[in-house]
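Read-outs: derived from the displayed coordinates by stated rules, not from any lab. These numbers were taken from a predicted model, which means no experiment stands behind them. Cβ sites come from the backbone with ideal geometry, for glycine too, and all protein chains shown count toward neighbours.
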Amino acid sequence: MTAVTRPLTNRLGVGGRELGCVAGIVAAAAAFRFVNLPVRGGWDSDQGTEMLALRDALATGRLPTFGPVSSLGNFHHGALSRDIILPAAWLGNGDPTWVVGEVALLGLLVVLAVWWIARSIAGTPAGLAAALLAAVSASLIGYSTFIWNPTPVEPGAALAYLGAWQAIRTQRAQWWIPTAIGSAVAAQSHIAAAVILLPMAAAYAFDLRQGPAVRRRSVVLWGLASLVLFVATFLPMILSEVGHDFSDTRGILAYFTSPTTVAVHDPITRVLFSAIRILAWPLTRWPLIDFVPAAPIALIVAVGLMAGMLWRLRETAARKTAGGAVEKAGPDDARDPSGRDAAGSAISEDRAESPEAIERLGTRLVGGGLLLIILALGLGVHAVSEVQGLPTEQYHIVADPLVFVAAGLVLGGLWRLRPTRGSTAMRRAAAVVAIVALVAWNVYRWPPLTSPDGGWPAAQAAATRVERDAGGSAVALVPLFAVKGGDAYAYPLVRDGVSLVAPEQAAVVVVLCDTFWLSGCGGPAEEEWRARDSDGRNLAFVDRFAAAPDRILTVYRRAP
């Protein structure tokens, strides 16, 4: 260990070798996310809408009041998902690649957070396993490489879980402040992520019961400050709701009370399917990838993780003897008799309990948090227990950091040396096989290095071609599938200074036809629109090209 790194390792309580491993994992995670970044993420209307909102905020100097409209169209998400990426939009002068870069950096925070939570619960092997799985996770890499309002859910949730665990483990109530910040980011990035308030409330109630009355007063005061901070992030929405007859609130209530469009299963089936989906998603990217072929793999991973957590809960509980004493840790428990782990972390300096007691508590909190989320989403959000034509994983990614931590706890438990409890060699072999299999599966399922639609560069190239066809004239952009809109190409056109106007005022009309939603694109659909809509009259064909594999742009010029 060099003189340069020693102060850092002493401060963190992490050994030099472990810190080197973590640095290597984070560096690899960064490489997995930043390589070929400009064309990694897809570019469609959602991305154009986000960038237009950021552009408007920077031009007017006013922070957004709302986030994007939900896919249902009857309520908005919160504005924090936009607020946190405003700096990148400003620094990059509206270049979306800068925004994706910030999103990728936020994704790295998940790797660090799950490492710290898992290692402070169960030692170095658990932390490194959790970090490695998060670093190579195909789902997490996918969410770290494109612009979308749910992408901050996982970093926000990871910060919230880390803050709550640190508050309980160290008995320092100030940690509830980052918990409130992370919870607010997650809840405003996607409405379903508000379920994080359930495990956070349970953790806070537990923390409130700890220690003497003097400490309880501190927990109450910091808890109130955290609650005020959390609510303050919603003030723009609250003020708008008061002045607009609570339209968004009514839209949210309508969503949760509206009947589903598919057959409703019994509660047990819904919870079981939701549990498999929530536990399998961050480790396998199922069901988004190969829904039917990969279902057995997802089932094995989810059931294995559930069984592993039940084993860890049972084993950590069994360490107490009948008289209440704690069983001595094995030689590979990564802790010495002084109460410090092998990395030098003074776990019991902050909390007057043994490392075994902390592991027992941490394992229960992680398992209980996952259980609360699975029950709430499985029973309360029908999209989690259904398979739809469009991806719906954004409804449950709030649980992803806890899944990584749980996997780390199970794998770390397998790695431990416990001669009296089975063959250590077999357990370690099982841990190695599990990690290698999960890493290999995720590497195989990584998103492509180039998005199928060409990403932002393809959209910019399409806009450049439209501008050449327009020759400086005012342009109208007409999406034939109006629900989706045309912001994917509105943004690059506006950023290049093109004047976008209503069709009746435009000299050039550009029609966007999406083959995913419509049939007959490339001729019949456009001609039908011209015959049906008055805005399509007196138009002369100029150009037609595929802006992306599923999007066709047709350029018309209005006859004089």
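One table, with the values for the structure above:
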read-out: Cysteines not pairable in the chain (beta carbon separation under 4.7 Å absent); value: 21
read-out: Degrees, to the nearest 10: 355-380 long Cα axis against longest axis of the chain; value: 30 degrees
read-out: Total charge dipole magnitude, the stretch 422-560, about the Cα centre, Cβ charges on Lys, Arg, Asp, Glu only, Debye to nearest 20; value: 600 debye
read-out: Selected from 401, 411, 494, residue furthest toward positive end of dipole (the chain; charges at beta carbon); value: 411
read-out: Whole-Å distance, taken between Cα centres, linking the stretch 204-251 and the stretch 491-552; value: 47 Å
read-out: Helix 124-136 vs. the chain, principal-axis angle (Cα, 0 to 90°, nearest 10); value: 10 degrees
read-out: Size of the chain as Cα extents on the principal axes (Å, biggest first); value: 94, 58, 50
read-out: Assigned charges on the beta-carbon of Lys, Arg, Asp, Glu; the chain dipole about Cα centre (debye); value: 2080 debye
read-out: Residues 423, 120, sorted so that the one with the fewest Cβ neighbours within 10 Å comes first; value: 423, 120
read-out: Normalised contact order of the chain, rounded percent, pairs of Cα under 8 Å and 6 or more residues apart; value: 19 percent
read-out: For residue 79, residues with placed amide H under 5 Å, excluding near neighbours; value: 67
read-out: Residues residue 433 and residue 295, FRET efficiency given R0 of 22 Å [Cβ-Cβ distance, rounded to 0.05]; value: 0.55
read-out: Tilt relative to the chain, helix 267-284 - C-alpha long axis, 0 to 90 degrees, to 10; value: 90 degrees
read-out: Residue among 19, 265, 233 farthest towards the positive dipole end of the stretch 6-444, charges placed on Cβ; value: 19
